[in-house]
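Worksheet for the structure shown next.
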Amino acid sequence: GLDLASVYWRMVHARLWTGCMFGVLAALVIGPNLIAAYRRVRQVLGMAGSPWGSQGGPADHLLRSPAMYWIIGAVLVLFLSRIGSGQWLLWLRFVHDQPFGVTDPIFLRDISYYVFELPFLRFVSGFLLGSIILSLVGVCTIYMTAGAIRLQQSLVIMPRAGAHLAVLGGLLLL
């Protein structure tokens, strides 16, 4: 009969491979941002103290703990790798593309580029954008909890936290 086991295992391997690949990509985006936030939060808590007063706030001990940043990073990376593993079919099309032999008259590319490569590259672009947005939301939450971003009479952002958020904002515009 039909050799459906090989098809099944190809699908399973492609899902695992794309999940790992996009997990690493997400870790490369989220990891440095969490490390930078951890360092800046320690400086903020050391300089200005806790925004919750002398006894500290409910999340004060978590903000000082590197384990919390590892857990946040792991959850975000697993979430994003799950999204990436769902695109296994795009990955297989990208890897096993075949030329059609017909050239686009405007951009002088083989039509197979638009069928096999472009959809995968568009997904990677969207994935990176989503990773940056998720990093920005996570880092803003951490900074607000630590008091590096405060809503008083006006919005007060400590300089190093502001620089970090400006870099992430700039990356969004790319």
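Against the condition part of a helix (DSSP H, G or I), at pLDDT 95 or above and open to solvent by less than 80 Å² (accessible area, probe 1.4 Å), how does Met68 come out, does it pass?
On the way: part of a helix (DSSP H, G or I): yes; at pLDDT 95 or above: no; open to solvent by less than 80 Å² (accessible area, probe 1.4 Å): yes.
It is false that Met68 is part of a helix (DSSP H, G or I), at pLDDT 95 or above and open to solvent by less than 80 Å² (accessible area, probe 1.4 Å).
With the structure loaded, tell me whether Phe120 is open to solvent by 80 Å² or more (accessible area, probe 1.4 Å) and either in contact with a Pro (Cβ under 9 Å, 6 or more places away or on another chain) or more than 16 Å from Pro32 (Cβ to Cβ) (or both) or whether it fails that test.
Values: open to solvent by 80 Å² or more (accessible area, probe 1.4 Å): no; either in contact with a Pro (Cβ under 9 Å, 6 or more places away or on another chain) or more than 16 Å from Pro32 (Cβ to Cβ) (or both): yes.
For Phe120, the condition - open to solvent by 80 Å² or more (accessible area, probe 1.4 Å) and either in contact with a Pro (Cβ under 9 Å, 6 or more places away or on another chain) or more than 16 Å from Pro32 (Cβ to Cβ) (or both) - is not met.
Could you list, in sequence order, the residues of the stretch 161-174 that are modelled with pLDDT of 90 or more and open to solvent by 80 Å² or more (accessible area, probe 1.4 Å)?
Those that are modelled with pLDDT of 90 or more and open to solvent by 80 Å² or more (accessible area, probe 1.4 Å): Val167, Leu173.
Of the conditions (1) of a type in the set (S, T, N, Q); (2) in contact (Cβ under 8 Å) with a residue 60 or more places away in the chain; (3) over 24 Å from Ser85 (Cβ atoms), Ser154 satisfies every one except a single condition; which number is it?
(2)
Just wondering, is there one or more residues in the stretch 9-22 that are within 30 Å of Arg64 (Cα to Cα), open to solvent by less than 90 Å² (accessible area, probe 1.4 Å), in a helix (DSSP H, G or I) and of a type in the set (Gly, Ala, Ser)? I'd like the intermediate steps shown before the answer.
Let us first name the residues in the stretch 9-22 that are within 30 Å of Arg64 (Cα to Cα), namely 20, 22.
Now drop any that are not open to solvent by less than 90 Å² (accessible area, probe 1.4 Å), which leaves 20, 22.
Pick out the ones that are also in a helix (DSSP H, G or I) and you get 20, 22.
Retained after the next criterion (residues that are of a type in the set (Gly, Ala, Ser)): none.
Looking for residues that are within 30 Å of Arg64 (Cα to Cα), open to solvent by less than 90 Å² (accessible area, probe 1.4 Å), in a helix (DSSP H, G or I) and of a type in the set (Gly, Ala, Ser), one finds none in the stretch 9-22, hence no.
Can you tell which of Gly169, Gly138, Gly126, Gly130 is within 24 Å of Val12 (Cα to Cα), of a type outside the set (S, T, N, Q) and part of a helix (DSSP H, G or I)?
On the way: Gly169 fails: within 24 Å of Val12 (Cα to Cα); Gly138 fails: within 24 Å of Val12 (Cα to Cα); Gly130 fails: within 24 Å of Val12 (Cα to Cα).
From the options Gly169, Gly138, Gly126, Gly130, the qualifying one is Gly126.
Go through Ile157, Ile149, Ile133, Ile142 for me and flag whichever is under 29 Å from Ala67 (Cα atoms) and at pLDDT 95 or above. I'd like the intermediate steps shown before the answer.
Numbers: Ile157 fails: at pLDDT 95 or above; Ile149 fails: at pLDDT 95 or above; Ile142 fails: at pLDDT 95 or above.
When all the criteria are applied, what remains is Ile133.
Checking Ala59 against (1) at pLDDT 95 or above; (2) open to solvent by less than 50 Å² (accessible area, probe 1.4 Å), only one condition comes out false. Which one?
(1)
The values are calculated or read from the model by the stated rules, or taken from the named source; none is laboratory data. All of these numbers come straight from a predicted model, not from anything done at the bench. Cβ atoms come from the backbone with ideal geometry, glycine included; neighbour counts cover every protein chain shown. The accessibility values were calculated without ligands, DNA or RNA, using every heavy atom of the protein model including side chains. Shrake-Rupley method; radii C 1.70, N 1.55, O 1.52, S 1.80 Å.
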